[in-house]
Amino acid sequence: MKRKLNRIFKRLYFAFGQQHWWPADSVFEVMVGAILTQNTSWSNVEKAIAALKEKKLLDAKKLYRLAPKKLGRLIKSAGYYNIKAERLKNFLKFFFDNYAASFKVIAATNLTVLRKQLLGVKGIGQETADSILLYALNKPIFVVDAYTKRIFARHGLIKEEADYSSVQNIFMRNLKIDAKLFNEYHALLVKLGKDYCRKQNPKCEICPLNGQ
């Protein structure tokens, strides 16, 4: 499995190059984006973040004080906006109550401890928690998403019904524990899933992993 994972990474990196993911101007923007991107496309998240920036509200303290309904209206493009506004509020309460909204303090927290805490926040599941940990806080944990599962199931490396933790463990046990590597690998899988390994009409013939 180690050789297979490394071969896949090399092929994708050769095909696509460095992805520079997650696109954001700040740690907080990544945190917000990780929550907003649940069940929606990234283009819709970008619109919601742009709306917050336009109102100069992409700030932990300002969003913490903002009324949920107003927040919901601003992030409407992200879909399920009232639910996501509530989830953002839940996260912000956690961030203020436990870390006084200090990015330095939360970043210094042990990975295992912080992950458990994040999963205790209503509305934050494993993918969202791990996205915050990896992309915002540079913690070495592999993010698993629908693209990852689809690609690896189609290549016979996992079963279609494999759960999040079992898929994550494949990467954690067979790759060097390194945040930069996990970041790049996941970003390359997202690129492959979007452009080639699509749910409908996949481009298998020209896929960089064809014959893998």
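I need a count of the residues in the stretch 182-201 that are of a type outside the set (D, E, K, R) and either without any contact (Cβ under 8 Å) to a residue 24 or more places away in the chain or touching a Cys at 6+ places or on another chain (Cβ under 8 Å) (or both).
5
State whether the residues of the stretch 52-61 include one that is modelled with pLDDT of 95 or more, within 15 Å of the chain's Cα centre (by Cα) and not in a helix (DSSP H, G or I). It would help to see each step written out before you state the result.
Filtering the stretch 52-61 down to residues modelled with pLDDT of 95 or more leaves 52-61.
Next cut, within 15 Å of the chain's Cα centre (by Cα) only: none.
No, the stretch 52-61 contains no residue that is modelled with pLDDT of 95 or more, within 15 Å of the chain's Cα centre (by Cα) and not in a helix (DSSP H, G or I).
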Between F9, F28, F91, F14, which is of a type outside the set (D, E), in a helix (DSSP H, G or I), in contact (Cβ under 8 Å) with a residue 60 or more places away in the chain and exposed (fewer than 14 other Cβ atoms within 10 Å of the Cβ)?
F14
Go through the stretch 100-129 and give me each residue that's touching a Phe, Trp or Tyr at 6+ places or on another chain (Cβ under 7 Å) and on the phi > 0 side of the Ramachandran plot.
A101
For the stretch 184-200, indicate whether the set of residues that are in contact with an Asp or Glu (Cβ under 9 Å, 6 or more places away or on another chain) and more than 15 Å from V144 (Cα to Cα) is non-empty.
no
Return the pairs, sorted by first residue and then second, in which the second residue is aromatic (F, W, Y), the first residue lies in the stretch 67-85 and is free of Cβ contacts under 8 Å to residues at least 60 places away in the same chain, the beta carbons are less than 8 Å apart, and the residues are 6+ apart or on different chains.
G72/Y81; R73/Y81; I75/Y81
When you check I83 against the structure, is it outside the structural domain of G193 (by TED's automatic domain parsing), within 30 Å of G193 (Cα to Cα) and surrounded by 20 or more Cβ atoms within 10 Å (Cβ to Cβ), yes or no?
no
Here the residues within the stretch 94-130 that are surrounded by fewer than 18 Cβ atoms within 10 Å (Cβ to Cβ) and either part of a loop (DSSP other than H, G, I, E, B) or not assigned by TED's automatic domain parsing to the domain that holds S43 (or both) are A100, A101, S102, A108, T109, N110, G120, K122, G123, G125
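The values are calculated or read from the model by the stated rules, or taken from the named source; none is laboratory data. Just so it is clear, the model here is predicted, and its values are computed rather than measured. Heads up, the Cβs are rebuilt from the backbone with ideal geometry, glycines too, and the neighbour counts pull from every protein chain shown.
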